[in-house]
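The values are calculated or read from the model by the stated rules, or taken from the named source; none is laboratory data. Every value quoted in this text rests on a predicted model; they were computed, and no experiment measured them. Backbone-built Cβ (ideal geometry, glycine too); neighbour counts: all protein chains shown. We work out accessible area using only protein heavy atoms, side chains counted, and drop any ligands, DNA or RNA first. Shrake-Rupley method; radii C 1.70, N 1.55, O 1.52, S 1.80 Å.
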Amino acid sequence: QQQLVESGGGSVQAGGSLRLSCAASGYTYSSYFMAWFRQGPGKEREGVAATYTDGSNTYYADSVKGRFTISQDKAKNTVYLQMNMLKPEDTAMYYCAARLLGSTPYGGGWSNSRNFGYWGQGTQVTVSS
């Protein structure tokens with residue numbers, strides 16, 4: 001089965017850093033567009049960052065630009081989210097997602113979760129003030 005597994009979440013003080021990992025298996029990694037989403041308590045799921053697997057283009061939510069960086073290790077089929085200068089409002093469950101290239105998209109671009117057919121189980125990030 002195609003599978004995404006996140007790791008690296010935890011608790012950190014404001015201003016600290018964490019690196020999340022998303023390991024993909026069971027599919028051709030280069031055929032997918034990868035993204036990180038998050039969902040805080042009582043909030044809607046929102047896109048955080050995304051990348052083509054060839055690394056040619058990356059995308060970030062305005063709220064994290066300059067603080068978070070999406071990267072990957074193609075040999076390991078793994079996508080990372082380096083989170084620096086964390087804020088309490090970054091507290092959320094973080095999910096890795098994959099979209100099959102060539103499929104017909106919904107409106108809203110990369111930040112529309114409906115454009116992603118594969119999801120990890122999530123990893124919790126908690127930032128204390």
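Per atom type, segment 60-129 shows carbon and sulfur on 51% of its accessible surface, probed at 1.4 Å.
Taking Lys and Arg as +1 and Asp and Glu as -1, the other residues whose beta-carbon sits under 13 Å from that of residue 45 total +1.
In plain terms, the bigger the Kirkwood radius, the slower the diffusion; for segment 23-92, with that radius from Cα pairs, at 37 °C and 0.692 mPa s, Stokes-Einstein puts D at 253 µm²/s.
Write down Rg/Rh for segment 12-129, rounded to two decimals, with Rg from the C-alpha atoms and Rh from the Kirkwood relation over Cα pairs. Please report the intermediate quantities before stating the final value.
Working: Rg = 13.7 Å, Rh = 14.4 Å.
Expressed as Rg/Rh, it is 0.95.
When ranked by the protection proxy of mean other Cβ atoms within 10 Å per residue, highest first, what sequence do the peptides 62-73, 82-93, 100-111 form?
Details: 62-73: 15.4, 82-93: 17.2, 100-111: 11.9.
Taking the mean over residues of other Cβ atoms within 10 Å, the ranking is 82-93, 62-73, 100-111.
Largest to smallest in accessible area, the residues 12, 5, 79 fall in the order 5, 12, 79 (1.4 Å probe, all protein chains included). For segment 30-77, the per residue solvent-accessible surface stands at 52 Å², with DNA, RNA and ligands left out and a 1.4 Å probe. The label point for residue 2 and the one for residue 114, both projected 7 Å from the Cα toward the Cβ, are 1.9 nm apart. Each of residue 69 and residue 19 was given a label point 7 Å from its Cα along the Cα-to-Cβ line. The distance between the two points is 1.0 nm.
Ranking 85, 104, 120 by how far each Cα lies toward the positive end of the dipole of segment 67-121 (charges on Cβ) leaves 104 at the top.
Once R0 is set to 41 Å, what does the formula 1/(1 + (r/R0)^6) return for the Cβ-Cβ distance between residue 100 and residue 11, expressed as a FRET efficiency to the nearest 0.05? Intermediate values should be presented prior to the final figure.
On the way: r = 34 Å, r/R0 = 0.84.
Computed FRET efficiency for residue 100 and residue 11 comes out at 0.75.
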